[in-house]
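A short worksheet on the structure shown next.
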Amino acid sequence: MPSWELFDTQPPAYREEVLPPEVTARVASEQASTFGWERYVGANGATVGMDTFGVSAPLKELQTKFGFTPEAVAGIARARLAATAGG
């Protein structure tokens, strides 16, 4: 979602087409703060992001540390799917 502000001004029908209410296994990945994503992923969703401040290291190390690798994000998505499917 490129812009929360633009998305939130769209008609409800469009927002529900993009984020159908029946799809609750949602994952947001933001290589910054997770702040705000909870309203889009919902109670059964997950966010991948940073909840700390002031970390410095080479990019690849930070991506691994904070779970921004394809494998880590896919693992979180699989876990959300399994949880919402009842196991």
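What follows is calculated from the coordinates using simple rules that are stated; it is not laboratory data. All figures in this text were calculated on a predicted structure; none of them were measured in a lab. When we count neighbours, we look across all protein chains shown, and the Cβ atoms used for this are built from the backbone with ideal geometry, even at glycine.
Restricting attention to segment 16-66, which residues are small (Gly, Ala, Ser), out of contact with any helix residue (DSSP H, G or I) (no Cβ under 7 Å at 6 or more places or on another chain) and surrounded by 10 or more Cβ atoms within 10 Å (Cβ to Cβ)?
If the condition is that a residue be small (Gly, Ala, Ser), out of contact with any helix residue (DSSP H, G or I) (no Cβ under 7 Å at 6 or more places or on another chain) and surrounded by 10 or more Cβ atoms within 10 Å (Cβ to Cβ), then SER33, GLY42, GLY49, ALA57 are the ones that fit.
Pairs, please: C-beta under 7 Å, at least 6 apart or cross-chain, first residue more than 14 Å from GLU30 (Cα to Cα) and in segment 53-81, second in a helix (DSSP H, G or I)?
These pairs meet every condition: VAL55/LEU62.
Just the residues that are assigned to a helix (DSSP H, G or I), among the hydrophobic types (A, V, I, L, M, F, W, C), out of contact with any Lys or Arg (no Cβ under 7 Å at 6 or more places or on another chain) and closer than 25 Å to ALA72 by Cβ, please, taken from segment 1-52.
The answer is TRP4, VAL18.
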